[in-house]
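Working notes, structure below.
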Amino acid sequence: MWAGEATLDNPVCQITVQIKSKNGLHMRPAMQFVDLANQYNCEIAIGNGSELGDAKSIMHVIGLAAGPGTTLEIHAQGPGAEEAVGALRTFIERETFDPEPPKDAK
Amino acid sequence: MEIKKGIAVSPGVSIGKCLIIDSEDYRIPRRQIEPSQRMVEIQRARNAFGDAIDELSGLEQAQTQTGGGRIKDIFAVHLRLLRDRSLRRQVTDLIHGESVTAEYAVASVLRRFAARFAEAKDTYISERAADIYDIERRLLRHLLGDKREDLGRLREEVIVVARELSPTQTAGFNKAFVKGIASDAGGRTSHAAIVARSLGIPAVVALEDLTEIVRGGDAVIVDGNRGLVIVDPDAETVEQYEAYSREFIALEHKLDAIREKPAETRDGARITLLGNIEFPDEAEIVLAKGGEGIGLYRTEFLYLNRPTEPSEEEHYSAYAQTVHICHDRPVVIRTVDLGADKYTQRKRFAPEPNPFLGLRSIRFCLQNLAMFKTQLRAILRASVLGPVKVMFPLISGIQELMQAKMILHDVMEDLDEEGIAYNRDMEVGIMVETPSAALTASTLARDCDFFSIGTNDLTQYTLAVDRGNELVSTLYSPADPAVLRLVRTVIQDAYKAQIDLCVCGEMASEPEYIMVLLGLGVRTLSLSAPLIPEVKQIIRCVTLEDCNLLTRKVLGMNSERQISNYLRNAARKVLPEAF
């Protein structure tokens, strides 16, 4: 999945960010995050310490179960990588994510 | 090709494509495929994703129109998950890399995600596991071709394969398209088997792991004569079975030829053969097969597979239709026998720990008087149309019989007041199907017009064996000396009281028991329509003298196995084709 290896032609952009919001990266913010990542053509990976996975996959992003205070690692490689990483950092470091739909919505 | 052995419960042979249905979790076989099939499976998986997305988009739009905002959100989330490229890639990678079916790949990838979600400490995330399972089920439904709500709307012929079939599911079948039934669980007298027999659909049950072997759309042969199911038959087998099926139909025709002849023993004893039915239409089949009326109309099927209880008019029209089909022949209507494994719309939320010993049948009716009276009114109203009789099920003592009769009288009084016509002398009978009723038959006989021995429940209650539990179902046998002695008691008491007697359990339709029943003094049998010709053939081949002799011998035997073997050998000599 994420097999990006840094070469001179194709440098990896790498950052760590911490979730500041009091809610974690739940369904709705995760969807917004993935939408944002999908706006870029570069390959982007995200992980929380263990393995990295596709940042453009909603399944993977929710599966991170990233709660408040979680430190996330984001790698990007390819065209627009730097820009992508910057935008994603701004998103993750927001003070509050959009609220969840109400609990009884199920 | 794979051959599975089970229990044959409804005769006949069908060949067709299978449709897998399951009431709860899908159990997905890990089924290896040839590498050359991988592209086909990948395409199936893609189609399933596409179909699921279309279905969800439709649902989402419907919610938008009706303003169901929150539900719409959920569908939107599911749509997002289904469109996830990494999810789809993992599914196709698994099919490609390990040469497995689309079902297996979908189930294992989604279950892996669900497990990861479920582990999360954050409850909001862990609860999302349920969404993943929901998506898995939706995809599997598209892959396995199971749209359960569509079972009644089938448009092509199928063989239904299931882990276990509930009476409700079987009642909902579109009979024109269900050509065979095969299930993992069940026994000879499970309700799916009874329904299959009454509809004349070949069926095999107790196949243990059939649902793990077949895949929706596979070609399957159901051999309801030998108790075999053949998955993916080769050309030679199909040819053999087509020939065999023709032979079987020829035998059926031969049996049909005796339709017009009376059910009379060689020494001139006249036996009455009646039919057991669930639906009014089946009365026609009974008559076509040579039945002389309806000995058991199981009315609980009026209650199954519908959101509300049937109204008095619905009861009445079903009964009127049946009586109309039967002209002047008797129609015995049994009041609802619900509870245990069949439920009404008032299905209990707290399941009973021991439903067969719980609130079922007449007990249920006596606690739900409004419902019971609705049915009795309809039966009474139908009683002016022809020789209708009413029968109460599961009477376990005189008290219950008196209570039920009292309510019947209440309803009669109501009808009198309203000036509605009914037959004041309508016969009232009971099912004798508990050991307590059998042992007090002489008392019960004073207060009713006829007995009908329900051998299925009588056997199960006497031997304390759940007939649907495959772990003990081999212990279930009407040939057990305890059961035979009880049956004899009931018959003798009916004779002494000079009331009518009928046997309406499965025992009355199994070739090996016919002689012993005649020998015990039974002269009326009620059985499922397709089996009437065969039973008549046996009756026409024996003499009452032979039957009496056989019965005396058998009553002297102490072991079920000895009796069973003896009865089977005797019947085999009479009608070898039946075995």
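The Stokes-Einstein estimate for the protein assembly as shown, based on a Kirkwood radius over Cα pairs and taken at 20 °C with 1.002 mPa s viscosity, is a diffusion coefficient of 74 µm²/s.
Accessible area per residue of chain B at 1.4 Å probe, in Å²?
Here the residues of chain B average 42 Å² of exposed surface.
The Cα atoms of chain B cover 79, 62, 41 Å along the three principal axes, with the biggest extent listed first. When the charge dipole of segment A:12-97 is built from unit charges on Cβ atoms (+1 for Lys and Arg, -1 for Asp and Glu) and taken about the Cα centre, the candidate among A:97, A:41, A:72 whose Cα reaches farthest toward its positive end is A:97.
Only beta bridges with both residues in chain B are counted; by DSSP, about 35 percent of them are antiparallel. In chain B, the longest principal axis of the Cα atoms and the axis of helix B:398-418 are about 90 degrees apart. Each Lys and Arg contributes +1 and each Asp and Glu -1, all at the Cβ; summed about the Cα centre of chain B, the dipole is approximately 680 debye.
Put +1 on the Cβ of every Lys and Arg and -1 on every Asp and Glu Cβ in the protein assembly as shown; which of B:575, B:421, B:245 then has its Cα farthest towards the positive end of the dipole? The residue sitting farthest along the positive end of the dipole is B:575.
Dipole of chain B (Lys/Arg Cβ +1, Asp/Glu Cβ -1, origin at the Cα centre): which of B:501, B:118, B:177 lies farthest to the positive side? Comparing the listed Cα positions along the dipole, B:118 ranks first. Beta bridges from DSSP with both residues in segment B:258-578: antiparallel share about 5 percent, rounded to the nearest 5. Taking the Cα centre of the protein assembly as shown as reference, the dipole from Cβ charges on Lys and Arg (+1) and Asp and Glu (-1) amounts to some 940 debye. Across B:504, A:13, the residue with the most accessible area heads the list, and the full order at a 1.4 Å probe is A:13, B:504. Residues of segment A:61-75 that lose at least 40 Å² of accessible area (1.4 Å probe, protein heavy atoms only) when the other protein chains are present, relative to their chain alone, are A:62, A:63, A:65. Working value for segment A:12-97: equivalent-ellipsoid semi-axes of 18, 12, 12 Å, each the square root of 5 times a Cα gyration tensor eigenvalue, largest first.
Could you run the numbers on buried accessible area between A and B, total for both chains, 1.4 angstrom probe, in Å² to the nearest 100? Separately minus together, A and B give about 2300 Å² buried. Here the dipole of segment B:498-579 is about 220 debye; that uses its Cα centre as origin and unit charges on the Cβ of Lys and Arg (positive) and Asp and Glu (negative). Beta bridges from DSSP with both residues in the protein assembly as shown: antiparallel share about 45 percent, rounded to the nearest 5. Surface composition of segment A:12-97: carbon and sulfur atoms hold 42% of the protein heavy-atom accessible area at a 1.4 Å probe. Heavy-atom accessible area, probed at 1.4 angstrom with all protein chains present, ranks B:270, B:138 as B:270, B:138, highest first. Mean residue ellipticity, 222 nm, helices only, chain B: the sum of -39500 (n - 2.57) across DSSP H runs of n ≥ 4, divided by residue count and rounded to 500, is -15000 deg cm²/dmol. Below 9 angstrom from the Cβ of residue B:82, what's the summed charge of the other residues (Lys, Arg +1; Asp, Glu -1)? Every neighbour counted, the sum reads +3. Contact residues in segment B:122-136 by the 20 Å² criterion (accessible area, 1.4 Å probe, full protein complex versus chain alone): B:122, B:124, B:125, B:127, B:128. Share of Cα-Cα pairs in segment B:35-144 beyond 18 Å, in percent? The answer is 51 percent, as a whole percent. All other residues whose Cβ lies under 12 angstrom from that of residue B:383 are scored, Lys and Arg at +1 and Asp and Glu at -1, for a net of +2. Local charge for residue B:157 was computed over the other residues whose Cβ lies under 12 Å away, with Lys and Arg +1 and Asp and Glu -1, and equals +3. Only alpha carbons enter this Debye calculation for segment B:258-578, each as an equal point scatterer, and the log10 of I(q)/I(0) it gives at q = 0.07, 0.08, 0.13 Å⁻¹ is -0.27, -0.35, -0.96.
The values are calculated or read from the model by the stated rules, or taken from the named source; none is laboratory data. In this text the structure is predicted, and so the values were computed from the model without any measurement. Backbone-built Cβ (ideal geometry, glycine too); neighbour counts: all protein chains shown. Please note that ligands, DNA and RNA were not included when accessible areas were found on the heavy atoms of the full protein model with its side chains. Shrake-Rupley method; radii C 1.70, N 1.55, O 1.52, S 1.80 Å.
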